[in-house]
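**Q** Mind having a look at this structure? Questions to follow.
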Amino acid sequence: QVHVVESGGGLVRPGDSLTLSCTASGSTFGAMAWFRQAPGKEREFVASWRWATGVKYYADSVKGRFSISGNKAISTISMQMNSLKPEDTAVYFCAAGRPITSTVRTEVGYTTWGQGTQVTVSS
């Protein structure tokens, strides 16, 4: 019953925009986040949202281009991705959990993970 479902991935051209959404259910979560994994690379943190405060964190690589927001009524976060670059190509995973501040930008801070959605940025 505890699960996270993400959607919104697709194929876009460099400079285009895309919005990902993620809905959590089955438990109470303090924060939700996006991670991504490119082929041959380790999974990395992208952005996070803390429900109680609205505090957001972004990886340096996406700061100024990506924007995360939350709709608590439907337990859904969205991440608008602008000015997409080929290096943004990855499987994007949504995660939910109750991380302390020191783990909010790390995988260990989250207990429930989505299946992933593919984002491809290519000409």
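Read-outs throughout are calculated quantities, based only on the coordinates presented, and are distinct from any laboratory measurement. Here the structure is a predicted model, which means the values were calculated and not measured. No Cβ is skipped: glycine too gets one built from the backbone with ideal geometry, and neighbour counts run over all protein chains shown.
**Q** For the range 114-123, which residues satisfy the criterion of being buried (at least 18 other Cβ atoms within 10 Å of the Cβ) and under 15 Å from the mean Cα position of the chain (by Cα)? First the steps, then the outcome.
**A** Of the range 114-123, the ones buried (at least 18 other Cβ atoms within 10 Å of the Cβ) are 114, 117, 119, 121.
Result: Gly114, Thr117, Val119.
**Q** Return the residue satisfying two criteria in turn: it lies in the range 71-113 and is among the aliphatic types (A, V, I, L, M) and over 11 Å from the mean Cα position of the chain (by Cα), and of such residues it is nearest to Ala31 (Cα to Cα). Before you say what the answer is, go through the steps one by one.
**A** Of all residues in the range 71-113, those among the aliphatic types (A, V, I, L, M) come to 73-74, 77, 79, 81, 84, 90-91, 95-96, 100, 104, 108.
When the remaining residues are screened for being over 11 Å from the mean Cα position of the chain (by Cα), the result is 73-74, 84, 90, 100, 104, 108.
Details: Ala73: 14, Ile74: 14, Leu84: 25, Ala90: 22, Ile100: 9, Val104: 8, Val108: 13 Å.
Ranking the qualifying residues of the range 71-113, first place goes to Val104.
**Q** Follow-up question, since we're still on this one. Within the range 60-108, can you find the residues that are among the aliphatic types (A, V, I, L, M) and without any contact (Cβ under 8 Å) to a residue 24 or more places away in the chain? It would help to see each step written out before you state the result.
**A** Taking the range 60-108 first, the residues among the aliphatic types (A, V, I, L, M) are 62, 68, 73-74, 77, 79, 81, 84, 90-91, 95-96, 100, 104, 108.
Those that are among the aliphatic types (A, V, I, L, M) and without any contact (Cβ under 8 Å) to a residue 24 or more places away in the chain: Ala73, Ile100, Val108.
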